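To keep things clear, I will list the structure first and then write my remarks on it.
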Amino acid sequence: MKEKNIRNFAIISHIDHGKSTLSDRLMEIMGTVNQRESAPQLLDSLAVEQEHGVTVKARTVQNIYEDSNGEKYQLNLIDTPGHVDFNYEVSKSLAATDGVLLLVDATQGVQAQTVANWRLAHDLGLPMLPVINKVDSPNAKIAVVKQELLDLDASLSQRPFYEVSAKTGQGVAALIEGIVKYLPAPEGDENAPLKALVYDSEFDPYLGVIVQVRIFDGKLNKNSKLELMASNRIFKAKEIGVYQPARLPVKELVVGKVGYLITGIKGTADVNVGDTITTATAGIQQALPGFEKQQPLVYAGFFPQDDYQLLKEALQKIALNDSSLAISEENSTAMGPGFRIGFLGIFHLKIIQERLEEYGLKVIVTSPNVPYEVRLKDSQEARIITNPAHFPSFEKIENIAEPMMTAVIDSPAENLDRVMQLAEQHRGTFQDMDNEGNRVRVNYRLPLAEIAYDFYNQLKSISHGYASLQTKPDGYEVSDLVKVEIHINYAKVDALSFITHRSKAAVLTQKLVHELKMTIPRRLYPMPVQAVVEGEVLARIDVPPLRKNAAVNGEQRSISKKQALLRRQNVNKRTAAHSDIELPQAVFNTLLALKD
């Protein structure tokens, strides 16, 4: 296929605006899949993707289109992840394209993720075709949505607006013609050294790591000796090919093409999204820009309810397809052996939890926390601590620094007051503000701990889904933070420890102990629940017993029997057996709800 007849494009949209359905129709109309192979959400192969309506793993598919003049074109649809936690992966997938379809639901209009993805494409300088979906719905507001898109980007007026129904196929054929006519062909030098972008990867137990690549310069041949520039890993191309949507081997991939490369590498540590591939000898010296090593933002403990070994094996399998996971073994006095896992965000955590359920495993997940930088008084060396249970004693700590984020919030102007109030409630520091039509772009500096849990959902709620959030790490900042320890029946439960700002500690602990009173399993005697900060009990409440205390039930009983019962209860209180404390998932859900 000639370079001028290739089109590499992606579809960007808000969640549930019809991206997967439109992908299905495009493949059907161009004959990439026949009716027997067709299935709803064909590119969303994971069960969690179909359940949440969100793309987690990007997929690519090569389509062949023949226009009315008999000219054949290769249209490569590059799928993109669809959640704010995978913002970096989206940007790398878009970097592999030459244009995008900006898809908007005619009944919903421009919403949060529409704006966020539009900004990513806009910053990359990608041409866009505006597409309005679900025009066959009786609730469609086509004229209103057109104006919203023009308010978002006035340059869209230079392109036709395509009105389609991805469900029925209405208007999709005309859209395909528009892709050929208005989106540019790729550019590059076939005679230059190989320059290829890794925009996604997966692991096969027999073949090793399989990467999805876009060729910007040169050509990629089977059996070539190649190098991953970020990790300096040398390997041999075992197989190259394209997706249709199943893998189809080819002899070579030339400039402008996208496809897959079987590396034979048996671990994912050296293969990163955004890396550049070149030939091991006489290759390029400067990699493609924008590569970042993905670092976990939140950590949580995963403890098995059944078999530890089964959990370990399942996590190893999942990690082979997700290099952003950071997994280490952990041993809790309350929960026993388990794992400490780092994630890109809370949604990423939920995806991994649900994938473990697909393996038939039940796990207890502790309340997530962010990493902290702790400096001790007797040493100026700073330590990154990802588990509150591992914090040194408070009298040994010189200071604690928390990770900060630069947050860019796009919102309709009428929601500005509520957005700014939300940011300030989460200890945000105002930085800058810009007006873009009827939308406002606000910059804040926020602690990661304040926005990692439910900030994005709250932002969508107060803006009715029309605000977007983009964040970027911005170093560490010393703050007045304290460790809250939870004692149950006078025993410290390490798995329930968490870090919070001193100004919030009193209110949070009072609320927490009252919530724990309702979730901690009861015993035959009262159990005190205490929240301790720096050796001081800030809040306490008793979990009521399963039966009444005979010493205080108001009945006339012998003094000796009452005293004997009190003595037995006193012994129970002093025992404080760690191994005897049961912590169901509801207890940790209480902690998470407290942080929302």
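If you go through the stretch 328-348 one residue at a time, how many are surrounded by 17 or more Cβ atoms within 10 Å (Cβ to Cβ) and within 19 Å of V298 (Cα to Cα)?
13
Which members of the stretch 410-441 meet the condition of being within 20 Å of E477 (Cβ to Cβ) and either in contact with a Gly (Cβ under 6 Å, 6 or more places away or on another chain) or assigned to a strand (DSSP E or B) (or both)?
Within the stretch 410-441, T429, F430, Q431, D432 qualify.
Can you spot a residue in the stretch 534-545 that is closer than 29 Å to E398 by Cα, in contact with a strand residue (DSSP E or B) (Cβ under 7 Å, 6 or more places away or on another chain) and open to solvent by less than 30 Å² (accessible area, probe 1.4 Å)?
Narrowing the stretch 534-545 to residues closer than 29 Å to E398 by Cα: 534-540.
In the following step, the residues that additionally are in contact with a strand residue (DSSP E or B) (Cβ under 7 Å, 6 or more places away or on another chain) were identified as 534, 537-540.
Subset that is open to solvent by less than 30 Å² (accessible area, probe 1.4 Å): 539.
Taking every residue of the stretch 534-545 in turn, at least one turns out to be closer than 29 Å to E398 by Cα, in contact with a strand residue (DSSP E or B) (Cβ under 7 Å, 6 or more places away or on another chain) and open to solvent by less than 30 Å² (accessible area, probe 1.4 Å).
Failed condition for S324, given (1) within 30 Å of K4 (Cβ to Cβ); (2) surrounded by 21 or more Cβ atoms within 10 Å (Cβ to Cβ), with all others met?
(1)
Starting from the stretch 506-521, keep only residues that are among the polar types (S, T, N, Q), then list their pairs with residues that are part of a helix (DSSP H, G or I) and surrounded by 16 or more Cβ atoms within 10 Å (Cβ to Cβ) whose Cβ atoms are within a distance under 7 Å, requiring at least 6 positions of separation or different chains.
Between residues of the stretch 506-521 that are among the polar types (S, T, N, Q) and residues that are part of a helix (DSSP H, G or I) and surrounded by 16 or more Cβ atoms within 10 Å (Cβ to Cβ), the close pairs are T519/V587; T519/T590.
Starting from the stretch 415-427, take each residue that is in contact (Cβ under 8 Å) with a residue 24 or more places away in the chain and list its partners that are acidic (D, E) and buried (at least 16 other Cβ atoms within 10 Å of the Cβ), counting only C-beta distances under 6 angstrom and pairs at least six apart or across chains.
So the pair list comes out as H426/E450; R427/E450.
Of all residues being polar (S, T, N, Q) and within 30 Å of L538 (Cβ to Cβ) in the stretch 462-489, which is modelled with the highest pLDDT? Just the residue, please. Break it down into steps so the answer makes sense when it comes.
Residues of the stretch 462-489 that are polar (S, T, N, Q), as a first pass: 463, 468, 470-471, 479, 489.
This time we only want the ones that are within 30 Å of L538 (Cβ to Cβ), so: 479, 489.
Values: S479: 94, N489: 86.
For the stretch 462-489, the residue satisfying everything is S479.
Looking only at the stretch 497-524, filter to residues that are charged (D, E, K, R) and in a loop (DSSP other than H, G, I, E, B); which one of those is nearest to P368 (Cα to Cα)?
Applying the filter and picking the extreme gives R522.
Which residues, counting only those in the stretch 450-482, are open to solvent by 40 Å² or more (accessible area, probe 1.4 Å), outside any helix (DSSP H, G or I) and under 24 Å from L344 (Cα atoms)?
Y466, T471, K472, P473, D474, G475, Y476, E477, V478
I'm checking my understanding of the structure. Among residues of the stretch 266-315 that are touching a residue at least 40 places away in the same chain (Cβ under 8 Å) and aromatic (F, W, Y), which one is surrounded by the fewest Cβ atoms within 10 Å (Cβ to Cβ)?
Restricting to residues being touching a residue at least 40 places away in the same chain (Cβ under 8 Å) and aromatic (F, W, Y), the top hit is F291.
For every residue, the table says whether it meets (1) touching a Cys at 6+ places or on another chain (Cβ under 8 Å); (2) modelled with pLDDT of 90 or more; (3) not acidic (D, E).
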| residue | (1), (2), (3) |
| --- | --- |
| K317 | no, no, yes |
| G338 | no, yes, yes |
| L349 | no, no, yes |
| Q353 | no, no, yes |
| L361 | no, no, yes |
| S367 | no, no, yes |
| I384 | no, yes, yes |
| A389 | no, no, yes |
| E398 | no, yes, no |
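Are any residues in the stretch 72-105 open to solvent by 10 Å² or more (accessible area, probe 1.4 Å), of a type outside the set (A, V, I, L, M, F, W, C) and at pLDDT 90 or above, and if so, which ones?
K72, Y73, D98
Table: residues versus (1) at pLDDT 95 or above; (2) in contact with a helix residue (DSSP H, G or I) (Cβ under 8 Å, 6 or more places away or on another chain); (3) over 16 Å from R441 (Cα atoms); (4) of a type outside the set (F, W, Y).
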{"position": "T107", "(1), (2), (3), (4)": "no, no, yes, yes"}
{"position": "Q113", "(1), (2), (3), (4)": "no, yes, no, yes"}
{"position": "N117", "(1), (2), (3), (4)": "no, yes, no, yes"}
{"position": "L120", "(1), (2), (3), (4)": "no, yes, no, yes"}
{"position": "G125", "(1), (2), (3), (4)": "no, no, yes, yes"}
{"position": "V145", "(1), (2), (3), (4)": "no, no, yes, yes"}
{"position": "R159", "(1), (2), (3), (4)": "no, yes, yes, yes"}
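Say we look at the stretch 386-432 and pick out the residues that are surrounded by 15 or more Cβ atoms within 10 Å (Cβ to Cβ) and of a type in the set (S, T, Y); which of these is nearest to G338 (Cα to Cα)?
Applying the filter and picking the extreme gives T386.
Filter the stretch 299-325 for residues that are of a type in the set (G, A, S), in contact with a Pro (Cβ under 9 Å, 6 or more places away or on another chain) and closer than 22 Å to Y199 by Cβ and give the result.
S324 - this is the single residue of the stretch 299-325 that is of a type in the set (G, A, S), in contact with a Pro (Cβ under 9 Å, 6 or more places away or on another chain) and closer than 22 Å to Y199 by Cβ.
List pairs: first residue in the stretch 205-233 and free of Cβ contacts under 8 Å to residues at least 40 places away in the same chain, second residue of a type in the set (V, I, T) and open to solvent by 10 Å² or more (accessible area, probe 1.4 Å) anywhere in the structure, Cβ distance under 8 angstrom, at least six positions apart or on different chains.
K219/V254
May I ask you to list pairs of residues, at least six apart or on different chains, whose Cβ atoms are under 8 Å apart, with the first in the stretch 110-121 being over 14 Å from I15 (Cα atoms) and the second being of a type in the set (G, A, S)?
R119/S468; L120/S91
Taking the conditions exactly as written (open to solvent by 70 Å² or more (accessible area, probe 1.4 Å) and not in a loop (DSSP other than H, G, I, E, B)), does D494 satisfy them or not?
No: the conditions fail for D494.
Output the residue which, of all residues in the stretch 441-456 that are without any contact (Cβ under 8 Å) to a residue 40 or more places away in the chain and not hydroxyl-bearing (S, T, Y), is nearest to Q431 (Cα to Cα).
Filtering first and then ranking leaves N443.
For (1) among the charged types (D, E, K, R); (2) within 18 Å of A121 (Cα to Cα); (3) in contact (Cβ under 8 Å) with a residue 12 or more places away in the chain; (4) open to solvent by 30 Å² or more (accessible area, probe 1.4 Å), each residue gets a yes or a no:
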| position | (1), (2), (3), (4) |
| --- | --- |
| V144 | no, no, yes, yes |
| L150 | no, yes, no, yes |
| S157 | no, yes, no, yes |
| E190 | yes, no, yes, yes |
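Within the stretch 194-231, restricting attention to residues that are over 27 Å from the mean Cα position of the chain (by Cα) and at positive phi, which residue is least open to solvent (accessible area, probe 1.4 Å)?
G218
Starting from residues that are within 22 Å of the chain's Cα centre (by Cα) and over 20 Å from K312 (Cβ atoms), keep the ones in the stretch 349-382 and report whichever is most open to solvent (accessible area, probe 1.4 Å).
K350
All but one of (1) closer than 30 Å to N331 by Cβ; (2) not in a strand (DSSP E or B) hold for G301, so report the exception by its number.
Evaluating G301 over (1) closer than 30 Å to N331 by Cβ; (2) not in a strand (DSSP E or B) leaves (2) as the failure.
Can you find, within the stretch 1-17, the residue that is farthest from P127 (Cα to Cα) among those that are open to solvent by 50 Å² or more (accessible area, probe 1.4 Å) and in a helix (DSSP H, G or I)?
Residue satisfying both the conditions and the ranking: E3.
The values are calculated or read from the model by the stated rules, or taken from the named source; none is laboratory data. Because the structure is predicted, anything quoted here is derived from the model rather than measured. Cβ sites come from the backbone with ideal geometry, for glycine too, and all protein chains shown count toward neighbours. Each accessible area value is taken on the protein alone, full model and side chains, heavy atoms only, with ligands, DNA and RNA left out. Shrake-Rupley method; radii C 1.70, N 1.55, O 1.52, S 1.80 Å.
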